[in-house]
Amino acid sequence: MNDEEMNKLRMRKLKILSEYHEEEKRRRDKLGAELAEIEQAMARVAESSLSMPCFVRATPGPKQTVYHSADATCDRVRDRNNYTPCTEHAALEELGPGDYYLRRCTACDWEKAAHLHAQRDSPLRVE
C-alpha cells in the first residue's frame, strides 16, 4: 500500500514538472518570436533611415557611383583608409552638380548592416 501511494505521488510530481516545463518552453518560444519580429522591424527602419554608416571612396579616379556599407563591406573595400566614413545621408548630400548619381553597392550586405545598425542604436541593447 505504501509503495502504491509513493508511486502516485511521484507520478503527480512528474506531471506537474512536465506541465511546468511545457508552459515555460511555450513562453520562451513566444518571446523569441516576438523579439525576432521586433528586430526585423528595427532593421527595416534602420535600412530606410539613411543614417547607416557607409564608406565613399576618397582616392583620385573616376567619379563614384556607389558607396559601401561600413558595417558589412564587400571585398571591393580593401583598405578602409582610402574611404571617407560618413552616413548615407551625408554621402548623398555631397553630390555636386557634375556628379552622376550615388547608390548602394550591390555587393555589400546591407541587410546585415541594417541589423547591426538597429542593434547599435537600440536603447535596450545589452553589451
* **Of (1) 56, 13, 10; (2) 33, 17, 14; (3) 27, 19, 14, the label for semi-axes √(5λ) of the Cα gyration tensor in Å derived from the coordinates** => (1)
* Accessible area (Å², 1.4 Å probe, nearest 10) - Leu92 -> 60
* Structure fact -> With every protein chain in place, the accessible area of Lys30 for a 1.4 Å probe, in Å² rounded to the nearest 10, comes to 110
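What part of the accessible area of the chain, given as a whole %, is carbon or sulfur when the probe is 1.4 angstrom? Please report the intermediate quantities before stating the final value.
Values: 5250 of 9860 Å².
The computed percentage sits at 53.
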* Protein chains only, probe 1.4 Å: how do Met42, Met11, Met6, Met52 rank by accessible area, largest first? -> Met11, Met6, Met42, Met52
* So how much accessible area does Glu88 have, in Å² to the nearest 10, using a 1.4 Å probe? -> 0
* Taking only Cα atoms, what is the 0 to 90° angle, nearest 10, from helix 2-48's long axis to the longest principal axis of the chain? -> 10
* So what are the ³J(HN,Hα) numbers for the range 109-115, from phi and the Karplus equation (6.51, -1.76, 1.60; θ = phi - 60°), rounded to whole Hz, Gly and Pro as x? -> 8, 5, 5, 4, 4, 5, 4
* Structure fact -> Counting sequence-distant residues (5 or more places) and residues on other chains, those with an amide H built under 5 Å from that of Val66 are Arg103
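The values are calculated or read from the model by the stated rules, or taken from the named source; none is laboratory data. What you see is a predicted model, and the numbers here were worked out from it, not measured in a lab. We work out accessible area using only protein heavy atoms, side chains counted, and drop any ligands, DNA or RNA first. Shrake-Rupley method; radii C 1.70, N 1.55, O 1.52, S 1.80 Å.
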